[in-house]
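One structure is given here, and the rest of the page talks about it.
The values are calculated or read from the model by the stated rules, or taken from the named source; none is laboratory data. Only a predicted model underlies this, so the values are computations on that prediction, with no experimental measurement involved. Cβ placement follows ideal geometry from the backbone for every residue including glycine, while neighbour counts extend to all protein chains displayed.
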Amino acid sequence: MRTSSDLELILREAERIVSPSEEEKRKLMRVLEEALRRVEESVKRLNLNAEVVAVGSSVRDTWLPNNNELDIFVLFPKGVGDKGVLGSLIVDIAKDAFGEYEQNYAEHPYVRVRYSDFEIDLVPAFKILPGERIISAVDRTPLHNSYVREKLKRPNDVRLLKAFLKSIDAYGAEEKVGGFSGYVCELLIINYGSFLETLEEASKWGSRVYIDIEHHLTEEYALSAFSGPLSTDRSYRS
């Protein structure tokens, strides 16, 4: 029978496996800083009123090893135009900063560039304050970034959860997977406190799960949903 000390040793080794090496961390931060500088300089050269911010697991320290993807948002004031205008502006920035780019659309236009062996998504968005109504689908992402960086105390537990979900083909919110996004993994660890507590609580879940970290909503509202901690009109389903 395994003891608690055995479990601690297993978790410690698992943490080592799912954590990037110091060399990986240094390389990622170097590339991210260089890419941010390029985008910021382009914004200035193009005389645009915009703020450049890095978002995602790379800046929240929840990324897994062998990650070569970065996300940079360019935040524009609301009066700049519609999503079509944002799409044109982000193309101009990508051309100026990196030369070659690949234009993409999900619910929202963005571009992908390749720089120093990394794929970097440049995403335009409108700058909003907490509680303000969004204009585009991604406007809250920088706020999510700030929230997680403030609230998350155990980033390695997020890594453990992501790796565990990957092992059972349940990591990724895209349609072909239908699993848990990285952001939901972070919210689970914030809510439950640790990887083991998350697994223990998840083992008790039924078909109806209600998780509301900041106590925004009533239980009748949620059906297998996470209330968005920064708004009362957004949930994160899995």
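Among the residues of region 70-86, the one identified as crowded, with 19+ Cβ neighbours inside 10 Å and either among the small types (Gly, Ala, Ser) or outside any strand (DSSP E or B) (or both) is Leu86. Selection of helices (runs of 4 or more DSSP H) fully inside region 87-204 by the criterion of at least 1 residues being outside the structural domain of Thr62 (by TED's automatic domain parsing) and under 17 Å from the mean Cα position of the chain (by Cα) returns 141-151, 155-167, 182-192. Scanning region 177-218 for residues that are among the hydroxyl-bearing types (Ser, Thr, Tyr), within 22 Å of Glu8 (Cβ to Cβ) and touching a residue at least 12 places away in the same chain (Cβ under 8 Å) returns Ser194, Thr198. Apart from one condition, Pro20 fits all of (1) closer than 30 Å to Leu86 by Cβ; (2) assigned to a loop (DSSP other than H, G, I, E, B); the exception is (1). You will find that of Leu152, Leu75, Leu160, the residue that is farther than 25 Å from Glu51 by Cα, at pLDDT 95 or above and hydrophobic (A, V, I, L, M, F, W, C) is Leu160 and no other. Residues in region 139-162 that are surrounded by fewer than 19 Cβ atoms within 10 Å (Cβ to Cβ) and among the hydrophobic types (A, V, I, L, M, F, W, C): Leu152 only.
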